[in-house]
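See structure below.
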Amino acid sequence: MAKTASTMLPLGTPAPDFALPDTVSGRTVRYADIAGSKATLVMFICNHCPFVKHVLDELVQLGRDYGPPEVGMVAISSNDVHGYPQDRPERMKELAESLNFAFPYLYDEPQNTARAYGAACTPDFYVFDGGQRLAYRGQLDDSRPGNGVPISGRDIRAALDALLAGRPVSPDQKPSIGCNIKWKSG
């Protein structure tokens, strides 16, 4: 499995808007629809990546532990489904339903949203504050497939907890590591 690191979008960047189909409900979801009053977590994931599979249970737990109206959450898959059919919308829906995602799982077919966020890998995480400015970007925690470090969600949880408490998020942030976004050719 090839490892790709986050591009680390500059802190303070305004949240890029999107209008993408939710693979479960079929409705179009915009950033404003999921934005939390204090924090919004945008996750770029996919179905097939071993790095995503490694942390899926923690992503589900984050959805249970944090939620509206204070914290908004969304997962987005931007992979080219022609080369990676396991990431097709119907498979995304199956995954979201089987794990009971408490957040929408959106399909970015044109890949414009991934480009707007500077997403480079799956998983890739972005936390925006209540003013919709980037407060955190990078890894979930230090756990990776096979490294023996327990999955805790420590880095994302620390960012969300700081915003919920009205404190600044630590600028000491590590890039996420995962499979590269599967870009369309041409």
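The values are calculated or read from the model by the stated rules, or taken from the named source; none is laboratory data. Note that the structure is predicted; figures quoted are calculated from it, not measured. Every residue, glycine as well, gets a Cβ built from its backbone with ideal geometry; the counts of neighbours run over all protein chains shown.
Just a few scattered comments:
- Scanning the range 146-161 for residues that are surrounded by fewer than 20 Cβ atoms within 10 Å (Cβ to Cβ), on the phi < 0 side of the Ramachandran plot and not basic (Lys, Arg) turns up ASN147, VAL149, PRO150, ILE151, SER152, ALA158, ASP161.
- Applying the criterion of being assigned to a loop (DSSP other than H, G, I, E, B) and of a type in the set (Asp, Glu) to the residues of the range 88-147, the residue that is nearest to ALA158 (Cα to Cα) is ASP141.
Residues are listed down the side, and each one gets a yes or a no for (1) under 20 Å from PRO69 (Cα atoms); (2) touching a residue at least 40 places away in the same chain (Cβ under 8 Å); (3) within 13 Å of the chain's Cα centre (by Cα):
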| position | (1), (2), (3) |
| --- | --- |
| ASP87 | no, yes, no |
| LYS93 | no, yes, no |
| THR113 | no, yes, yes |
| LEU140 | no, yes, yes |
| GLY148 | no, no, no |
| LEU163 | yes, yes, no |
| SER176 | no, yes, yes |
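- Exactly one residue out of VAL55, VAL42 is in a helix (DSSP H, G or I) and crowded, with 24+ Cβ neighbours inside 10 Å, and it is VAL55.
- Looking across the range 128-153, the residues that are under 18 Å from ALA5 (Cα atoms) and either modelled with pLDDT under 95 or not hydrophobic (A, V, I, L, M, F, W, C) (or both) come down to TYR136, ARG137, GLY138, GLN139, ASP141, ASP142, SER143, ARG144, PRO145, GLY146, ASN147, GLY153.
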